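Structure first, commentary second.
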Amino acid sequence: MEVRVEAVLVAEKTSANPVQGAQVVGRVALLLRLVGRKPEGTSLAGLVRESGLTRPTVHRLLTSLAAEGLLEHDSAAGKWVLGPEIFLLGSVAAARFPMEDIARPSLRRLAAETGESAFFSIRRGNETVCVLREEGSFPVRSFVLHEGVRFPLGVASAGTAIMAFLSPEEQEELLEDWPAHAGDFAVGHPADVVRDNLERTRLTGYSVNPGLILEGSWGMGAAVFDQQGRPAWALSLTGIEPRFRPDRQEFLGKLLLEEAHRMTAKLQG
């Protein structure tokens, strides 16, 4: 009997280890994503609040990541920032995902022709992540969007452009539990407003974000499709409200769609 009990205990301990290991990996990935959202870095208190983890756990993980060069602590600002090892890993990964070579020319054309800041975002699960930016010549800009920023699908112009062309089933799955999906953005993006935005986007082909994230900061986006015809990326423009008045939206939307179609053709061809 003692042998059997001991064997059970050993088996339980062995089976628990993968779960614990996966939990640690998930927490590490969460902290890296949270730090990566803000180029200026994030404080320990902010990471504790946003992650939902305890302060000792967050501090222990941050310290371990810093020891590996994945994070650094800016003592002057009191914030955690991405470390040099992340840059090296990203440089290697970029060779497998040559999206910059395809997207950068479109961003440059959009920025040059409109004067607005142009962005390229990718879909990651139920989020969009901004990965590339090209500044326009217009001196007044919106700073809502920058590299590393993540938004839930259906939030911001890129996320709206992508979600609008998902299957009806996928859209409804997100909309049925919209507050949980949108999180803090649900207040400024009520489900009925999002539904209307998705419908307009399907009709025109491009999305419009009328200052829902930050008052006065507008954006427009168009989806880029993969070889299976699914919306996987998006081009977008952001700027101040006077630059996105209805009489100019058609012009901006046409340019976005032209570049989105050009990129889709390259990716599918």
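The values are calculated or read from the model by the stated rules, or taken from the named source; none is laboratory data. Keep in mind that this is a model prediction, so the values were computed, not measured. Counting neighbours? That spans all protein chains shown, and the Cβs are built from the backbone with ideal geometry, glycine included. Keep in mind that these areas ignore ligands, DNA and RNA; they rest on the heavy atoms of the full protein, side chains included. Shrake-Rupley method; radii C 1.70, N 1.55, O 1.52, S 1.80 Å.
Annotations for the structure displayed:
- The lone criterion from (1) open to solvent by less than 50 Å² (accessible area, probe 1.4 Å); (2) under 26 Å from Ala182 (Cβ atoms); (3) in contact (Cβ under 8 Å) with a residue 24 or more places away in the chain; (4) assigned to a helix (DSSP H, G or I) left unmet by Arg27 is number (1).
- Residue list for region 47-83, filter: closer than 21 Å to Gly183 by Cα and either free of Cβ contacts under 8 Å to residues at least 12 places away in the same chain or within 17 Å of the chain's Cα centre (by Cα) (or both): Val48, Arg49, Glu50, Ser51, Gly52, Thr54
- Meets criteria (at pLDDT below 90 and either surrounded by 13 or more Cβ atoms within 10 Å (Cβ to Cβ) or small (Gly, Ala, Ser) (or both)) for Ala93: yes
- For region 110-118, the criterion of being modelled with pLDDT under 95, within 22 Å of Arg245 (Cβ to Cβ), open to solvent by 40 Å² or more (accessible area, probe 1.4 Å) and among the aliphatic types (A, V, I, L, M) is satisfied by no residue at all.
- Some residue of region 150-169 being in contact with a strand residue (DSSP E or B) (Cβ under 7 Å, 6 or more places away or on another chain), modelled with pLDDT under 95 and open to solvent by 20 Å² or more (accessible area, probe 1.4 Å): yes
- From Glu40, Glu68, Glu2, residue being surrounded by fewer than 13 Cβ atoms within 10 Å (Cβ to Cβ) and at pLDDT below 75: Glu2
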